[in-house]
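The values are calculated or read from the model by the stated rules, or taken from the named source; none is laboratory data. Only a predicted model underlies this, so the values are computations on that prediction, with no experimental measurement involved. Don't worry about glycine lacking a Cβ; one is built from the backbone with ideal geometry, like all the others, and counts go over all protein chains shown. Please note that ligands, DNA and RNA were not included when accessible areas were found on the heavy atoms of the full protein model with its side chains. Shrake-Rupley method; radii C 1.70, N 1.55, O 1.52, S 1.80 Å.
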Amino acid sequence: MSLIKQFVKLSIFLFVINNVTVFAQDTSYRFKNFSQKEGLSQSTVYSFIKDDLGYIWIGTKDGLNRFDAVSFLKFYPSNTDSNSISNRSIRALVKDSDGYIWVGTDGGGVDRLDPKSNQFIKLCDLSILSECVSELNVTSLNINGNKLLIGTRNRGLFSFHLDDKIFKKEIETSSTIWDIVLTEDFLWLATSGGVLKVEKNLTENFLPEDNIRALKVLGNSSMLI
């Protein structure tokens with residue numbers, strides 16, 4: 001092989017390697033830790049979500065936090081403010097199509113938060129039915145169309161229709177519902193007693209001896225547990 005051909009091949013090889021290196025550098029990430037030292041109310045974080053205004057809401061074991069990329073604004077229950085959050089322990093957060101954030105608390109049920117005013121309304125104050133359970137230990141939330149799904153600790157699965165304001169019991173189970181996942185055909189529940197697959201009135205239980213904390217639907221509709 002001539003020296004020219006060797007030089008051309010070596011140049012191409014070095015060019016490819018150099019670009020791979022640059023590409024790898026461009027996709028690297030820098031992490032910064034935020035804890036109580038930076039103003040977070042509690043270091044045990046259960047959930048977080050971004051609202052339509054750009055704020056990050058963080059649910060912790062002791063307080064709800066709003067983060068603006070610089071500082072934290074903390075929210076706690078108040079006996080003198082009827083529009084305050086219902087409980088200090090925030091287990092789940094989900095946002096609806098109107099921009100409201102639904103806050104699942106561990107002992108105070110569910111609150112609806114308006115990020116524009118930072119005011120909370122208890123779900124049972126919105127419900128048109130007197131049978132609404134206000135002191136639920138909520139462990140998971142999800143929204144299916146106009147229906148808010150509420151997973152609880154040992155009380156089963158509840159729902160709240162966002163338009164009709166009707167609260168009702170959907171599924172009875174003594175297991176804690178840690179995660180709620182929706183697919184085209186089924187409702188899946190990750191629980192302390194396995195995975196529940198729900199289709200209309202039919203419920204199947206998989207891995208009943210296992211405590212399943214989270215589920216993930218892959219692109220081919222298979223389930224990652």
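Does S84 fit the bill of being in a loop (DSSP other than H, G, I, E, B) and open to solvent by less than 30 Å² (accessible area, probe 1.4 Å)? Walk me through how you get there before you give the answer.
Working: in a loop (DSSP other than H, G, I, E, B): yes; open to solvent by less than 30 Å² (accessible area, probe 1.4 Å): yes.
Answer is yes for this residue.
Hey, can you tell me all the residues within segment 149-197 that are basic (K, R), without any contact (Cβ under 8 Å) to a residue 24 or more places away in the chain and not in a strand (DSSP E or B)? So that I can check it myself, show each step before the final result.
Looking only at segment 149-197, we keep the residues that are basic (K, R), and these are 153, 155, 165, 168-169, 197.
When the remaining residues are screened for being without any contact (Cβ under 8 Å) to a residue 24 or more places away in the chain, the result is 155, 169, 197.
Selection gives R155 alone.
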Checklist line | Every pair of residues 6+ apart whose Cβ atoms lie under 6 Å, when the first sits in segment 204-217 and is without any contact (Cβ under 8 Å) to a residue 60 or more places away in the chain while the second is in a loop (DSSP other than H, G, I, E, B) and small (G, A, S) | finding: P208/G193; N211/S192
Notebook entry, point to check: Is it fair to say L141 is hydrophobic (A, V, I, L, M, F, W, C) and open to solvent by 40 Å² or more (accessible area, probe 1.4 Å)?
Noted result: no
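Would you mind finding the one in G63, G109, G59, G99 that is on the phi < 0 side of the Ramachandran plot, open to solvent by less than 30 Å² (accessible area, probe 1.4 Å) and touching a residue at least 24 places away in the same chain (Cβ under 8 Å)?
G59
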Check: Just checking, how many residues over segment 112-129 are under 23 Å from P77 (Cα atoms), without any contact (Cβ under 8 Å) to a residue 40 or more places away in the chain and open to solvent by 40 Å² or more (accessible area, probe 1.4 Å)?
Finding: 7
Notebook entry, point to check: Quick one: which of S89, S134, S43 is within 19 Å of the chain's Cα centre (by Cα), open to solvent by 40 Å² or more (accessible area, probe 1.4 Å) and of a type in the set (G, A, S)?
Noted result: S43
Item checked: Residue within segment 72-79 that is open to solvent by less than 20 Å² (accessible area, probe 1.4 Å) and charged (D, E, K, R) present -> no
